[in-house]
Structure formats: structure tokens, C-alpha cells
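Below is one structure, written out as C-alpha cells; comments come after it.
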Amino acid sequence: MRKRFFEASARERVHGVVDTDSFHEFLPPEARVSSPHMVMLEQPAAFDDGIVVGAATLDGRPVLVAAQEGAFLGGAIGEVHGAKLVGLIERARAERPAAVVILFDSGGVRLHEANAGLIAVSEIIRAVLGARAEGLRFIGLIGGAGGCFGGTGLIARCCDALVMSEEGRLAMSGPEVIETVRGVEEFDSRDRALVWRVTGGKHRYLLGEADAFVEDDIEAFRAAAIHLLDTPAEFSLESVEREHARLAERWQRFGSSTDAPEIWQALGVPADADVAMMNADEFVAMAAHCPGRNA
Amino acid sequence: MKRDEILKALFPAGWEPTALEHDYLEGRASVGGTMVTVIGTAERVEVGADLALRMAAAVLATVRNRPGEAILFLLDTQGQRLRRRDELLGLNGYMAHLAKCVEIARGRGHVILSVVYGEAVSGGYLTTGMMADACYALGDAEIKVMNLPALARITKLPLERVEVLAQRSPVFSPGVANYHRMGHLRAVWSDDHGQGLADTLADALAELRAMDVADRRIDGRIAAGAARGGRTMAAMVVERVRSDA
Amino acid sequence: MERLQYEVEARGAATARKPVLVGVTASGNCEVLVEAGGAPERCAIDVHTAAQGFGPIWQAVLRDFGERHAAGGLKIEIHDVGATPAVVSLRLDQALEAWEDDDA
């Protein structure tokens, strides 16, 4: 039976993505390693500071896993939350698992401990890229209610590969932030279709920002993660130069675009295609025939 | 400091710009007798997809054409560009790409340094200056995510209470001193000694050059934050996640 | 923030096993951590709540919980962000169900 990724908690997602009963958590809730700063601001804490980290197997292979809890402060990264991720990556550098799998669900830096959160995000980025340079593989899954924004959006794009669902959202600034600063004409955050077209999984997949597109189903995320354990992964001067060429071309072609459909059609999506209505299989099949999709 | 003041203070004998625009600069300069690549932002510019790409190109050009040359970021930015168009194209992907270029440079032996001379805010700082082997800021510079009134609104606490708490903890209020105490900045450079700033930069560069690549790749900021008492939990958490059975 | 500590009478001694967490610290919600520990005929409950002045209501909800469940010998800790009594009761029920489930 389909179990939605979008609505599940971080722990439910982890247990559903990895092999049954294989998950072993580090610093579990009963360790009570939570944020000292929330208490100082008289705000309620979470036993795990909004992130689950541990070891498991995926299709029988050892992986380290992290899952952010988007329902706690929007999954935002503070000192402890961030350090749990850094610690997991350092552990990966020693243990050499088949992959580090990160289930993103976070709006970025936790404003209640903003300086600690910002530094932590930069430490996570450095740790991810440092580990990739040593040949470790990072797989990100994006499909939670909180989306993947701000510093977390940067961390996600430092991974080798990303899996997204239609409901997953990936961007730097959230639409609300842009609307607040630049006005509703720039970005109407209540226009859900617009938000979806700009930040949603289908657009990111067509653009080549996401590597796999799946239904909002934990089992589908699991299957995609397993598949990505064996796809080519490279982090070298040559690979970043190739990415540079792709990004430069995108900027060249679409730097004056204001909405997604014009980009989709330029990439080869048929003008009469109802992208929003397609299920995952139909959409992926259609995208496979887009000559311009630079994945 | 303003752009022209910092350039004059750091490179009193002049430098070789290949781009010197209102809000962007790029070129080479001699520091302590050796040439470094200089990549900088000015006038609190917003970092959009195009600027991230431009800085990435500058890093890659140095890696390709001048192996091992140190790279110096000089920063004044109000953060990421807040435009729908940039988000549509995947601004986070462009910024992450810049971080990857810096990491590749580091791995190939380039020393990376950053100096905040104006303002550094969130997304504009994360994949530029914060990626450096060693991060510095001038004493009158500003590093922040948000100001205290905005924090008070979000936490629904009275501003006066937040201001009192800000005196007690470096964790949420703006300021380079806080970023030093938390281990992020290697040092805060006093900016009232003109010629002295060039020597300070040369010393910092010499210190990094003396380390081997493997040591430079170790991010020592969590340990520094613990030693300075500005981040009390992170080091313990990293250690426990790394070693817990 | 307010911290409330209760001990309610409860039947049945739970066997020592792995801690259970349900719910999340979020507006209108609460997270509940259940662990073994304490006297077999009593259940110790430690509440951290963002809402001030609801002591009597917590007392009633928790006493009712002790009567409905075999929670003796358990230690429960709650992080609450203004959950209604119905939500608190639901989370406690889920927590106990998960605790008993895992016994298998």
C-alpha cells in the first residue's frame, strides 16, 4: 500500500526508506541532546533537535542516514541539528558506507540561533564536499512538507544526486521571503500553481536540478535511492567544469524567463502537454523525450 | 570600509584588476611577494545566479591557468538575490556550484582566504567566504543572518528581552565578534592601521601556505568555537555521533 | 515556558525495553517520550509546555491516562506547544500503543 512521504514524520520516512528493522539511531531522543538556545529563548525544544541520524542497510548495503523533521521549527538547522549532520559525515569518512542518504525537510538556518545555524550550514557544505572528494556518495531525498530552502537548498545541491517528488520544493529563498521584500508582483506566495512551477519537483527535474522523479510514496523514494547507489558519481575539476558549462548555458538561454512553461517548451516539452496532471511514470517518460533536458 | 579603501590598504603597491566594476572586482595582486587571485563583491551587492557563475568561472580559471595560486575573496554582500527569475533557474544550484569550485581548488592545493570588509549576510556568504580555509573580517564589518527586531518578531519575545539575551550569548545577534567567538572567523582584523593590514594579510597567507593540504582541508571551526566558549555543544555532538556504538 | 511534574497511580508493571517517541514539538502538538523507570505502581510524567497556567487540566488529563493504561513503572516526558487535551490524550495513547507493540 502506498504510504505518502509528504505526510510522514522523519522517523517514519527513515524506517520506510531503509531495509526493514535495519535502522540504528545515534543520539536517539532518550539521549536528550537538544538545543540549549531554544531553552534560553523560552521556546520548546525537541528531544532530537529535529533530526534523526543513524546507520542502516539499503538493499543490503551499509548506509548512513539522516532525516530532518520539517514539523519542528520547519526543520531548520541550529547548532545541535547541524553538528549531528557534521558528525554523521565524519563517521562516513571513517566507515566508508555505500552512501550517505539525507532526507531533507528544512527551511534553512534556524533563526533562533542564527549565527550557529549559518556556521553549521557552511560546515555541512564543506564536510559533504570534502567527503565527496574522498569518493563518498551522497543521495538527497526531497518530498517533505517543509521543502528544501535556504542553506539546506545549498547542502542538497552539493549531493551527488537528488530524488524529488512533485510535492517536493527546492530553492534558495522561499516565495514568502521574496514577496515580503520585493512585493507580490515579484512573487505571489499564495499562488500555489506558480510556487509549484518555480520550485516544485517537476520543474527541477526538467531543469536537471534533480536526478530522479518519483510519486509521493516512501517505497518509490526507497527504490530511487537504491538505484542511485550504483549510478556514476564524480566530483572532479572536469565534473565541475561540465556543470559550469550547463549552468552557463541555462543562464544564457533562460536568463530573461519569468515563468517555467516557456523554459519547459524550449527544453522540448510539447506545447499541449499538461505537465501538472501527469503521474510520475507519464512525466518521466515525457521528460526522456525532451532533447533539452540537461540531466 | 569601502571597496577602494580595502584595495588600497591590502595592496598598497597596487594590483592588476581584470574587472573593476561598481559591485564586482576580479584580478591579481602581490601579497608578501607572491601573486594571489582576488575575487570580490562590493556595494553590498546581491549574489544572483549570474554573479555566482562569474565567481565560479574566476575560481576555475585560476585552477586551470595558475595551479596552486592562492585565492582571496573580498566580500561586501547583502545576501542572495531575491528574485523569482533567479529561483526559477535554480539559484541554490548556482551557489552550490561555486562552493564545489572552491572545494576543487582547495583539493588541488590552492590556499583559500576570505575577508569580509563590508557586510556579509547568509546566502551571499555561505558559498563564497565561508568556504575558505581561513575566514577573516574587519573590525567594523558586519556578519549576520538577521537583525534583532526581526528575531524578536519571529520568536514572539519582547525586543528588550532579546537585547538582554544577546549580551549573554553570541548565538543569534549580528556582529563579527560573535562569529569569532563561535569559531568561524580565525581573527578579526583591526582596520585602523593602514599599511598594517597588508602585512596582516601576508602573515595570514604565509601561515596557511606553511600547512600541508591535508591539514588545510580539516575544518577547525567547531573546535575553535568550543575552545573560545562560543559554541558549547557542537564539538560534543560531532564526537558522539562519530563514535557512538 | 512552564515545567510541570506529576506522578499518577497506574496499574501494571511494564517490562524494561527500548524508549518510544511519538508526536512532534510543533504548534498545537506535542512529543511524548516513554521510557522504563520508577516505581511499578506509579507513572512519572514530566511536562515542558509553552502554554502557562494549565496545571489543573494537565492533572486531569494525566490522571485519566493513568486509569486507562497499564503505565506503571514508566517515565514519560512531554514537550508541548499548546496541544489541546484531546491531542495530548491521543499522543499518550499512541505512545503506549507503540510501547506495547514493540514488546513483541
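Worth pointing out:
- Cα Rg, Dmax (largest Cα-Cα span) when computed across region B:78-139, Å: 12.8, 37
- About its Cα centre, the dipole of chain B is roughly 840 debye, where the only charges are +1 on Lys and Arg Cβ and -1 on Asp and Glu Cβ.
- A Cβ-based charge dipole, computed about the Cα centre of chain A with Lys and Arg at +1 and Asp and Glu at -1, lands at about 480 debye.
- Overall dimensions of the protein assembly as shown by Cα: Rg and Dmax, Å: 25.1, 84
- From its DSSP helices (H runs of at least four residues, each -39,500 (n - 2.57)), the protein assembly as shown gives a residue-normalised ellipticity at 222 nm of -12500 deg cm²/dmol.
- For the listed residue pairs A:3/A:202; A:84/A:202; B:100/B:144; A:84/B:100, the alpha carbons are over 26 angstrom apart in A:84/A:202.
- Farthest toward positive dipole pole in chain B [+1 Lys/Arg, -1 Asp/Glu at C-beta], among B:118, B:57, B:30: B:57
- For region B:192-245, the gyration tensor built on C-alpha atoms gives an oblate shape. Its axis ratio a/c (a ≥ b ≥ c) is at least 1.5, and a/b is not larger than b/c.
- Charge dipole of the protein assembly as shown (Cα centre as origin; +1 on each Lys and Arg Cβ, -1 on each Asp and Glu Cβ, all else neutral): 1100 debye, rounded to the nearest 20.
- All aspartates and glutamates inside 12 Å of residue B:2 as judged from Cα atoms, apart from same-chain residues fewer than 8 positions distant: B:23, B:43, B:76, B:119, B:140, B:191
- Region B:1-22 and region B:172-232: distance between their alpha carbon centers, rounded to Å: 22
- Prolate/oblate/rounded call for region C:2-101, Cα gyration tensor, a/c under 1.5 rounded: prolate
- In this entry, chain A is assigned a mean projected area of 15.6 nm², taken as a quarter of its C-alpha convex hull surface.
- Alpha-carbon Rg with Dmax, taken over region A:22-92, Å: 12.8, 44
- Counting Cβ atoms of other protein chains within 10 Å of each Cβ in B:221-234 and taking the mean gives 4.
- Degrees between helix C:55-68 axis and first principal axis of chain C (Cα, 0 to 90, nearest 10): 20
- Cα gyration tensor shape of region B:3-243, rounded if a/c is under 1.5, else prolate or oblate by comparing a/b with b/c: rounded
- Extent along principal axes [Cα atoms of region B:36-139; Å; largest to smallest]: 38, 33, 16
- Helix B:234-243 vs. chain B, principal-axis angle (Cα, 0 to 90°, nearest 10): 80
- Computed Kirkwood radius, in angstrom, where 1/r is averaged over Cα pairs of region C:45-86: 11.1
- Here is the P(r) of region B:121-245: all C-alpha pair distances, binned every 5 Å from 0, give 2, 9, 15, 18, 20, 16, 10, 5, 3, 1, 0 in whole percents.
- Helix A:237-254 and the longest principal axis of the C-alpha atoms of chain A enclose an angle of approximately 50°.
- Net charge contributed by nearby residues that have their C-beta within less than 10 Å of residue A:233 (K/R +1, D/E -1): -1
Read-outs: derived from the displayed coordinates by stated rules, not from any lab. Remember, it's a predicted structure, so these values are computed and weren't measured experimentally. Heads up, the Cβs are rebuilt from the backbone with ideal geometry, glycines too, and the neighbour counts pull from every protein chain shown.
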